[in-house]
1. Would you tally the net charge around Gly162, using a Cβ to Cβ cut-off of less than 14 Å, leaving Gly162 out, and scoring K and R as +1, D and E as -1?
2. How long is the chain along each principal axis, judged by its Cα atoms, biggest number first, in Å?
3. Of the trypsin sites (Lys or Arg not before Pro) in the range 122-217, which ones lie in a loop per DSSP and count no more than 14 other C-beta atoms within 10 Å?
4. Taking the range 341-386, which trypsin sites (Lys or Arg not before Pro) meet the DSSP loop condition and have no more than 16 other C-beta atoms within 10 Å?
5. Report the trypsin sites (Lys or Arg not before Pro) located in the range 238-324 that are in a DSSP loop and have at most 16 other Cβ atoms inside 10 Å of their Cβ, or state none.
6. Based on the Cβ-Cβ distance from Asn266 to Phe300, what FRET efficiency comes out when R0 is 35 Å, to the nearest 0.05?
7. Explain nothing, just the number: relative contact order of the range 278-342, from Cα pairs under 8 Å at least 6 residues apart, as a whole percent.
8. Give the distance, in whole Å, between the Cα centre of the range 209-250 and the Cα centre of the range 82-141.
Amino acid sequence: MSKKIVILGAGYGGLLSALSARKHLSASEAQITVINKYDSHQIITELHRLAAGNVSEKAVALPLSKLFKGKAIDVKIGSVQAVDPAGKKVSLADGSSYDYDTLVLALGSETNYFGIPGLQENSLTLKSAAEANRIFAHVKGKLRAYRVSKNKADATFVIGGGGLTGVELVGELADELPGYCREAGVDFNDVSLYLVEAMPTILPMFSPELIQRAVTSLEQRGVQFLTSLPITEVNGGVVTLKDGRTIETGTLVWTGGVQGHALVANCGIEVNRGRASVNEYLQSVSHPDVFLAGDCAVVFGPEGRPYPPTAQLAWQMGELVGANIAATYNGGSLQTFHPVFSGTLASLGRKDGIGSIGEHGIELKGAPASLMKKASNARYLSHIEGLFALAY
Ligand code: NAD
């Protein structure tokens, strides 16, 4: 009898799980349903470009109806409300429910506000195409407002958190703000663009030379860094830093960190600090009929340290999950997860970037890093196209 596979999430982990499962299982062997809150697969590693108006939405939000066309993969657009691994059932906010033989949890991560007072209520975030559009509209709106108000807060933009998300966003804004200022009739010299980071440096995953390279490149384009200064409170438009100083701003984008998805953390499967614990086959250690792909699971490396939740990891997990689900149905042997790291690339605007690539961490800066980042995006898109061709 045909098995029911339900996949929650259509990000990197969910999309790749669905395509990989379909590659290994025919429509008569398994019914595959993907449930996602948006009607698109979003290339979240490119959202900073959308937020600064550098790419169109269709470049970063690929319609699921198109992606799954002819693949016998059902798509349900809806918001998951509850996951019941004991009853093997998923319930949605619209009252519908889905039972399953195998569940894939690929819901990604959520913004972590670390309990900082006023932060959630008074900040924007960059986790979806809709949020990127909101940042873009907001920034342009504030510049128009400043032309009339001459209120410094309207021309002050603060990014909270100097990890990859915050730095890539600030790089893009640094490139685009001068043009948007001209459009709005505002002098760019009136604009303040801050990146606030709690730790002594931004981007701690890179070497000191590359970090300095990033800082210099961004400072030359007007970014002001405030490091070793955690945001401790936000009150309306007033951002307070640890040393007591305050910044008045009409725009705070919070990129200060992520945490496991609450639905996964609270559904009753075994978790480790909010992220699902998995075995080497990417099954939940407490519920083997639940597989995990992407940020909502924690995968430990050989040294016992968790791997950072990245797109490349989610993508590879999804591929293995699809194959391992097929193996559980066909009596094949399950494969062990061995992630391959191609490195880390950070874009610093349209034409600049830094990167550390390959096993030996070869360092790149400037145009080669920027091109490599574009190539890695193109490689991902062609990879999913290849999987479409292979799927039953
Ligand atoms: P992150 O956790 O990597 O970085 C958040 C930063 O915010 C940290 O540097 C932290 O010190 C800082 N911070 C925390 N609290 C703060 C406070 N109160 N005030 C000021 N700063 C504060 O988060 P991220 O950048 O969103 O990245 C999340 C994951 O996604 C990471 O694993 C990252 O590798 C991945 N990612 C990868 C790429 C890429 O490969 N190009 C791009 C974006 C994200």
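Nothing in this text is a laboratory measurement; each read-out follows from the coordinates by a stated rule. None of these values were measured; they are calculated from a predicted model. Cβ: placed from backbone, ideal geometry, glycine included. Neighbour counts: every protein chain shown.
1. That works out to -3.
2. 68, 47, 39
3. Values: sites: Lys127, Arg134, Lys140, Lys142, Arg144, Arg147, Lys150, Lys152, Arg182, Arg213; in loops: Lys127, Lys150.
Sites meeting the loop and neighbour criteria: Lys150.
4. Sites meeting the loop and neighbour criteria: Arg350, Lys351.
5. Those satisfying the criteria are Lys242, Arg245, Arg273.
6. On the way: r = 22 Å, r/R0 = 0.63.
The calculated FRET efficiency here is 0.95.
7. Details: 74 pairs, mean separation 20.4, N = 65.
Averaging sequence separation for qualifying contacts and normalising by length gives 31 percent for the range 278-342.
8. 27 Å
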